[in-house]
Amino acid sequence: MKESKEFSDSDGGELVKMARKAVTEFLRNNSKINDAAFDSKFDFSSGVFVTLNKQNSLRGCIGYPLPIKKLSDGLIDAAISAATHDTRFSPVTTEELDKITFEVTVLTPPVEIKVKQPSEYLIEIKVGRDGLIVENPYTSGLLLPQVPTEYDWNVEEFLGYTCQKAGLEKNAWKDMKTKISKFEGIIFKEETPKGKVVRE
């Protein structure tokens, strides 16, 4: 697969515009967009998340942490799901689309962080670069790399909130039975609804 750094700004623009097109097509016509050129260009497997924001508040976020789908398919599925199936929010309406900004995060494959003691996580994880996945045999939770910078968390807070996302106690990361993996993401987003796409 492409490394994150190999995604050009124009690639990012295409991904974000396709996310918006996919949601618009689905909301207006209840159909899944089909674009052969886009499918051909992004036909490699990659994790991807699509985030929708409305007036600086989250409006939906769904994706695939693991590279289980072609990026072209995963992006379109994630965009539609973020708009219609994020259980934290009511489905997005067509009327809202002009007020929503679209953001796409392309993920590198997650790598388990191997430590001898939990305190080493504080050295191995870098806020602003790494996203986290916390899991045990029963549950898992994920937070994207941009989340801790938005809330000004340090590494310990980032670990705690990712544990909470998994439905675990905040200090579950200190249990050596808890598996913690990190990944990186390259983020492209609209500055304003339907506006210029920039790389974070």
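The values are calculated or read from the model by the stated rules, or taken from the named source; none is laboratory data. Note that the structure is predicted; figures quoted are calculated from it, not measured. Cβ sites come from the backbone with ideal geometry, for glycine too, and all protein chains shown count toward neighbours.
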Quickly run through the stretch 45-62 and pick out the residues that are in a loop (DSSP other than H, G, I, E, B) and in contact with a helix residue (DSSP H, G or I) (Cβ under 6 Å, 6 or more places away or on another chain). Ser46
Selected residue [out of contact with any strand residue (DSSP E or B) (no Cβ under 8 Å at 6 or more places or on another chain), loosely packed, with under 14 Cβ neighbours inside 10 Å and either among the charged types (D, E, K, R) or outside the structural domain of Thr51 (by TED's automatic domain parsing) (or both)] from Lys196, Lys170, Lys177: Lys177
Any chance the stretch 24-42 includes a residue that's assigned by TED's automatic domain parsing to the domain that holds Lys70, on the phi > 0 side of the Ramachandran plot and surrounded by fewer than 18 Cβ atoms within 10 Å (Cβ to Cβ)? yes
Look through Lys99, Lys32 and report the one residue that is under 15 Å from Lys189 (Cα atoms), touching a residue at least 40 places away in the same chain (Cβ under 8 Å) and basic (Lys, Arg). Lys99
Select from the stretch 141-175 the residues that are free of Cβ contacts under 8 Å to residues at least 60 places away in the same chain and aliphatic (A, V, I, L, M) and list them in ascending order. Leu143, Val147, Val155, Leu159, Ala166, Leu168, Ala172
Any residue at all in the stretch 10-21 that is surrounded by fewer than 17 Cβ atoms within 10 Å (Cβ to Cβ), over 21 Å from Gly195 (Cβ atoms) and not assigned by TED's automatic domain parsing to the domain that holds Leu143? no
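For every residue, the table says whether it meets (1) of a type in the set (Val, Ile, Thr); (2) in contact with a strand residue (DSSP E or B) (Cβ under 8 Å, 6 or more places away or on another chain).
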{"position": "Thr24", "(1), (2)": "yes, no"}
{"position": "Ser31", "(1), (2)": "no, no"}
{"position": "Phe49", "(1), (2)": "no, yes"}
{"position": "Ser57", "(1), (2)": "no, no"}
{"position": "Gly74", "(1), (2)": "no, yes"}
{"position": "Ala78", "(1), (2)": "no, yes"}
{"position": "His85", "(1), (2)": "no, yes"}
{"position": "Val104", "(1), (2)": "yes, yes"}
When you go through Glu95, Glu112, Glu120, Glu103 one by one, which is the residue that is surrounded by 13 or more Cβ atoms within 10 Å (Cβ to Cβ), charged (D, E, K, R) and modelled with pLDDT of 95 or more? Glu103
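Conditions tested, residue by residue: (1) assigned by TED's automatic domain parsing to the domain that holds Ile62; (2) within 22 Å of the chain's Cα centre (by Cα); (3) among the hydroxyl-bearing types (Ser, Thr, Tyr).
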| position | (1), (2), (3) |
| --- | --- |
| Glu96 | yes, yes, no |
| Ile100 | yes, yes, no |
| Gln117 | no, no, no |
| Ile123 | no, no, no |
| Gly131 | no, yes, no |
The residue that is farthest from Lys170 (Cα to Cα), considering only those in the stretch 123-148 that are among the small types (Gly, Ala, Ser) and surrounded by 14 or more Cβ atoms within 10 Å (Cβ to Cβ), is Gly131
